[in-house]
Each structure stands twice: as structure tokens, then as C-alpha cells.
Amino acid sequence: MNIADGHIFYFDKPYQWTSFNLVAKVRRQLCLKLGIKKLKVGHAGTLDPLATGVMVVCAGRATKRINELQAHVKEYVATLQLGATTPSFDLEKPIDATFPTSHITREALEAVLRRFVGRIEQVPPSFSACKVDGHRAYDLARKGREVELQPKVLVISEIELLSFDASSMQCTLRVVCSKGTYIRALARDIGEALHSGAHLTALRRTRVGDVRVEDCMQVDDFVQWLEEHPITYTQE
């Protein structure tokens, strides 16, 4: 395999790794294996540090396919804590407000979820990779700066309620959605629609296009994969 011709890797991104961490790891291991100093490597769709699951990493000429791969439908399994919010809408930041939940039933939750299926507008979270005046929104938000982002149109094909625990006010959802969907923002909006609050406590991307998380390589297995697969680097 000539890596310069392009190759697409599918990894199960570990918890607390940034997308950049994973790309840097792949690039470094490939360069060490090939004895080169530079190689184009990029990902086709970021994942938050506290999320795990399918990460598409392109090397060589496959980086030209990143926009195409980013457009593929995504599937997530998300766990929400109802009745509380955080500034980041996940566990990166501590709870900043709590809300009543006694009125929330499984039936009420299912009715609200149906309102988010289809073509919707969503305001990205401040703690996101969206750019504001040339800066990443999460960089500004982490410095305490106010971030105002415009709503984006996206499509949510399916939302399935996998579980709901009325005693802990936690629910788990399966979400199938288009590029650009922020599940943290969806949690925020579901909480508001329930006249309460919500934030993510766990998020796993289980599918990108036809690639499922079960098909993905673990990061710790990448060095062994490189040993077992003959690869070269020859530019025309």
C-alpha cells in the first residue's frame, strides 16, 4: 500500500482525547513507520473530547475526500441528565442551574422528542469548533468571552428513546442526523422544550455512513496494524 495514494482509517476515539490528539497520533506513527517527516492527515468530522466512537481519519490523497466523508449521516447514542444544565451542555463544566422535573414523564419526553425529527434550526453551543471572527468558539468560551452563534439548518432523521429512568431523570437516546448536528445543543433544546433543563453525561458516535463503531480500530492497536500491513510512501 502506497500511503501517498491515500488511505482512510476508522478509529474508535478514546474518551478525553481531542480529535486533534487522534490525528496527531496517527500522523506520528505513520511518519515513524515510513521514515518521513511530513504527511497529510486529517479527520472527517470532529468529536468532542468527552465523546467516543467512530472517527474517520484520512491520510495522503484521501484528505481530498474529507468534505465528501463529512457529509455522511451520523448515528449517536447519548445519555442526558434532565433537570440541570452546564455552560458546555456536557460534563466539561459543572452544573450551573437546576430545574423542576416532577412534571416530566416518559410520555411527555416522547412527545417532545418527536418535535425534533425532521428539518430543524439549531444554534451551535458556545463550546464548539464553529469560528467567530476567525477564532474557534470554544477558545473564546473557555476564556470567559461571550459567544453569539447563528442558527444552522440540519436534519434529524430519527430519535429513539432507548431508556428513561424517572427516579434519576436520566434518559438514553439514539439519534440519526446530518452533518453539523451538535448533540449537546440537542440536549439543551430538549431540556428547554420540557420546561426544564438538560445536559449530556455520555455520548458515543456509533456510525458514520455505513461504518459502525464495531468496525473501527482501537488506537492502541494501530502500531500492531502498521507492523502487519506493508505500507510505502512514494510520491509521483
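Read-outs: derived from the displayed coordinates by stated rules, not from any lab. Since the model is a prediction, treat every value here as computed from it, not as a measurement. Cβ sites come from the backbone with ideal geometry, for glycine too, and all protein chains shown count toward neighbours.
Couplings 3J(HN,Hα) of the range 220-228, computed from phi: 5, 8, 5, 4, 5, 4, 5, 5, 8 Hz, in residue order, whole Hz [Karplus 6.51 cos²θ - 1.76 cosθ + 1.60, θ = phi - 60°; x for Gly and Pro].
Straight-line cross-link reach from LYS93 at under 20 Å between alpha-carbon atoms covers these lysines, not counting any fewer than eight positions away in the same chain: LYS143. Straight-line cross-link partners of LYS40 among the aspartates and glutamates, defined as a Cα under 14 Å from its Cα and at least 8 positions apart when in the same chain: ASP5. Charged neighbours of ASP210, selected by a Cβ distance under 13 Å, balance to 0 (K, R count +1; D, E count -1). Based on DSSP H segments of at least four residues, each scored -39500 (n - 2.57), the chain has a per-residue ellipticity at 222 nm of -6500 deg cm²/dmol. First select every other residue whose beta carbon is under 12 angstrom from the beta carbon of VAL57; then total the charges, Lys and Arg +1, Asp and Glu -1. Charge balance near VAL57 sits at +4.
Amide H to amide H, with H built 1.01 Å from N, ALA51 comes under 5 Å of GLN16, counting only residues 5 or more places away or on other chains.
Around ALA185, with a cut-off of 12 angstrom between Cβ atoms, what is the net charge of the other residues, counting Lys and Arg +1 and Asp and Glu -1?
Values: positive: LYS152, ARG184, ARG188; negative: ASP48, ASP90, GLU121, ASP189, GLU192.
Residues near ALA185 contribute -2 overall.
Taking the charge dipole of the chain about its Cα centre, with +1 at Lys and Arg Cβ atoms and -1 at Asp and Glu Cβ atoms, the residue from THR206, PHE9, LEU39 reaching farthest to the positive side is LEU39.
If you fit an axis through the alpha-carbon atoms of helix 19-34 and take the longest principal axis of the Cα set of the chain, what angle between them do you get, 0 to 90°, nearest 10? Long axis of 19-34 versus the principal axis of the chain: about 10 degrees.
How would you order 194-207, 211-224, 169-182, 12-25 from highest to lowest mean count of nearby Cβ atoms within 10 Å?
On the way: 194-207: 21.2, 211-224: 14.1, 169-182: 19.1, 12-25: 16.7.
Packing proxy ranking, top to bottom: 194-207, 169-182, 12-25, 211-224.
Going down the list LYS25/LYS179; LYS33/LYS64; LYS152/LYS179; LYS13/LYS179; LYS64/LYS179, which pairs span over 20 Å between their C-alpha atoms? As for pairs spanning more than 20 Å Cα to Cα, those are LYS25/LYS179; LYS33/LYS64.
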